[in-house]
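S.K.: Take this structure first; my questions come after.
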Amino acid sequence: MRTVAVVGASLAGLSAVRSLRKQGYDGRLVVIGDELHRPYDRPPLSKEFLAGTIGEADLALETDDEDLRAEWLLGTRATGLDRTDRAVRLADGSEVRADGVVIATGAAARTLPGSEGLAGVHVVRTLDDARTLRDELARGGRLVVIGGGFIGAEVASTAYALGLDVTVVEAAPTPLAGPLGETMGAIVTALHTDHGVRLLCGVGVKGLSGEHQVDAVLLQDGRSIPADIVVVGVGARPCVEWLEGSGVELDNGVKCGSDGRTSLAGVVAVGDCANWYDPRTGAHRRVEHWTGALERPAAAVATLLAGGAVEPGLPRPPYFWSDQYGVKIQFVGHAAGADSVTIEEGSAEDRNVLAVYRRAGEPVAVLGMNQPRLFTRWRKQLARPAS
């Protein structure tokens with residue numbers, strides 16, 4: 001294999017590059033990224049970076065003395081994959097021919113239809129998004145967050161600490177019910193109201209008002225919520241349009257085996273755009289977590305270099321964390337498969353719980369709120385193969 005192209009220059013792409021070198025690949029390595037920036041850490045964008053407590057230099061994922069001997073094509077978007085010539089076509093008309101391809105194009109924030117061009121309306125996905133929002137939050141005012149998921153909750157928490165008047169609007173009756181279940185979702189979401197942030201649930205957004213600058217969020221029940229700044233946090237979509245017609249099977253992202261292999265030989269996928277098969281659940285799942293982008297590329301690269309002749313190990317259960325209102329929230333596993341959840345330590349009223357989700361009596365997921373030591377113990381237990 002003379003040339004490997006890694007399409008995507010965020011954490012998953014960087015992890016793939018590192019794994020290639022670590023696993024002995026010494027050929028040409030080309031990294032293609034549509035942003036102009038070198039790989040940077042995204043989790044702080046909605047927290048410390050937005051609050052101004054860390055700067056851009058603190059987001060760098062590469063070390064000063066790291067030399068991966070890669071060619072970086074940044075600010076260049078991939079527009080297609082030619083399976084006959086094994087070439088990645090680029091927006092500038094050029095192409096990169098490669099013997100192996102790692103797809104790591106990530107996901108893009110979903111936007112609110114009709115909000116295009118209206119000042120004061122933001123998403124938080126990229127460094128450039130966070131730069132712009134940080135500058136606006138520094139001026140203060142009324143913030144409305146549309147979407148009560150983790151990104152929206154983190155932005156609300158950060159803005160509250162900065163002194164803004166914050167309202168969170170969530171269409172579902174209970175925010176975070178998807179990843180955490182209704183019971184624990186309600187407990188985590190109560191952090192908003194604990195701190196005086198308004199939380200409006202079970203009501204959708206009809207639209208935004210304002211001629212050039214947003215001035216209110218219009219709800220479907222007829223209410224109008226005044227706003228100087230609006231953050232739309234309604235999820236992300238996998239960036240895979242460029243793969244249409246390539247022969248790579250697409251299904252909620254790039255459909256992959258449990259080792260990252262795609263339907264096209266010599267092509268693997270990692271990170272937020274990859275819909276990996278999870279043998280623990282017997283289903284495909286797209287994992288948009290930092291740890292997945294860090295850990296899974298090693299398995300995908302091993303598959304790529306071996307031509308698929310490797311047996312994938314059992315992936316660790318998906319893990320993510322969040323920091324809101326001074327509370328460390330950690331979660332591992334799959335809440336959707338649970339038939340019960342119990343608080344094993346702490347109390348919901350104090351927001352310091354350790355909760356275990358079980359299916360047929362067996363733990364399948366764990367939630368910690370300010371319980372890092374106990375949570376870590378449970379996380380290790382959950383990662384062990386079933387006996």
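The values are calculated or read from the model by the stated rules, or taken from the named source; none is laboratory data. As the structure is a prediction and not an experimental result, all values here were calculated from the model. Backbone-built Cβ (ideal geometry, glycine too); neighbour counts: all protein chains shown. When the accessible area is computed, the model is the full protein with side chains, heavy atoms only, and any ligands, DNA or RNA have been set aside. Shrake-Rupley method; radii C 1.70, N 1.55, O 1.52, S 1.80 Å.
S.K.: Assuming 0.36 nm per residue, please report the length gained on full extension of the stretch R139 to T53 beyond their Cα-Cα distance. Present the calculation step by step, with values, prior to reporting the outcome.
M.R.: Details: separation 86, 0.36 × 86 = 30.96 nm, distance 1.61 nm.
Result for the pair: 29.3 nm of gain on full extension.
S.K.: Calculate what fraction, in whole %, of the accessible area of the range 1-111 sits on carbon and sulfur atoms when a 1.4 Å probe is rolled over the protein chains. If you can, show how the numbers build up before the last one.
M.R.: Values: 2190 of 5190 Å².
Here it works out to 42 percent.
S.K.: Now for a different question. Using 1/(1 + (r/R0)^6) with R0 = 51 angstrom and r between the beta carbons of R359 and A306, what's the FRET efficiency to the nearest 0.05?
M.R.: On the way: r = 34 Å, r/R0 = 0.67.
With a Förster radius of 51 Å, E is 0.90.
S.K.: Quickly estimate the mean residue ellipticity at 222 nm for the chain, helices only: each DSSP H run with n ≥ 4 gives -39500 (n - 2.57), and the total goes over all residues, rounded to 500. Before the final figure, lay out each step's value.
M.R.: Details: 8 runs with 84 residues, N = 387.
It comes out at -6500 deg cm²/dmol, rounded to the nearest 500.
S.K.: To the nearest 10 square angstrom, what accessible area does W242 show with a 1.4 Å probe?
M.R.: Around 20 Å² of this residue is reachable by solvent.
S.K.: How much area per residue is accessible in the range 29-161 when the probe is 1.4 Å and only protein heavy atoms are counted (Å²)? Kindly include the intermediate steps, with their values, before the conclusion.
M.R.: Values: 6020 Å² over 133 residues.
That works out to 45 Å² for each residue.
S.K.: Another question about this same structure. With a ≥ b ≥ c the root eigenvalues of the C-alpha gyration tensor of the range 1-153, is it rounded (a/c under 1.5), prolate (a/b larger than b/c) or oblate?
M.R.: On the way: a/c = 2.82, a/b = 1.74, b/c = 1.62.
Note, shape of the range 1-153 comes out prolate.
S.K.: Moving on. Can you tell me, using C-alpha contacts under 8 Å and at least 6 residues apart, the relative contact order of the range 61-195 as a whole percent?
M.R.: Computed value for the range 61-195: 11 percent relative contact order.
S.K.: While we're looking at this one, here's another question. Quick one: pull the percent of accessible area on the range 123-175 belonging to carbon and sulfur, 1.4 Å probe, ligands and nucleic acids left out.
M.R.: Numbers: 940 of 1890 Å².
Whole-percent figure for carbon plus sulfur exposure: 50.
S.K.: Name the helices (complete DSSP H segments) of the chain with a Cα length along the long axis of 30 Å or more and a Kyte-Doolittle mean of at least 0.0, or state none.
M.R.: Span-like helices in the chain: none at all.
S.K.: What residues qualify as long-range amide H neighbours of V231, i.e. H under 5 Å apart, gap of 5 or more or another chain, H built at 1.01 Å from N?
M.R.: Result for V231 returns H122, V144, V145, I146.
S.K.: Please give the solvent-accessible surface of Y357 in Å², to the nearest 10, using a probe radius of 1.4 Å with every protein chain present.
M.R.: 10
S.K.: For E345, what residues show an amide H to amide H distance below 5 Å, using hydrogens built from the backbone and excluding near sequence neighbours?
M.R.: L354
S.K.: Explain nothing, just the number: relative contact order of the chain, from Cα pairs under 8 Å at least 6 residues apart, as a whole percent. Working shown, then result.
M.R.: On the way: 875 pairs, mean separation 57.6, N = 387.
This gives 15 percent for the chain.
S.K.: Further question: Provide the FRET efficiency to the nearest 0.05 for the L68-R223 pair, computing r from the beta carbons and using R0 = 45 Å. List each step's numbers first, then the result.
M.R.: Working: r = 52 Å, r/R0 = 1.17.
In this case the efficiency is close to 0.30.
S.K.: If I compute solvent accessible area with a 1.4 Å probe over the protein chains, what percent of it on the range 291-387 is carbon and sulfur?
M.R.: Details: 2360 of 4750 Å².
Exposed carbon and sulfur together represent 50 percent of the surface.
S.K.: Express the relative contact order of the range 274-387 as a whole percentage, based on alpha carbon pairs under 8 Å and six or more residues apart in sequence.
M.R.: Values: 169 pairs, mean separation 20.3, N = 114.
Over the range 274-387, the number comes to 18 percent.
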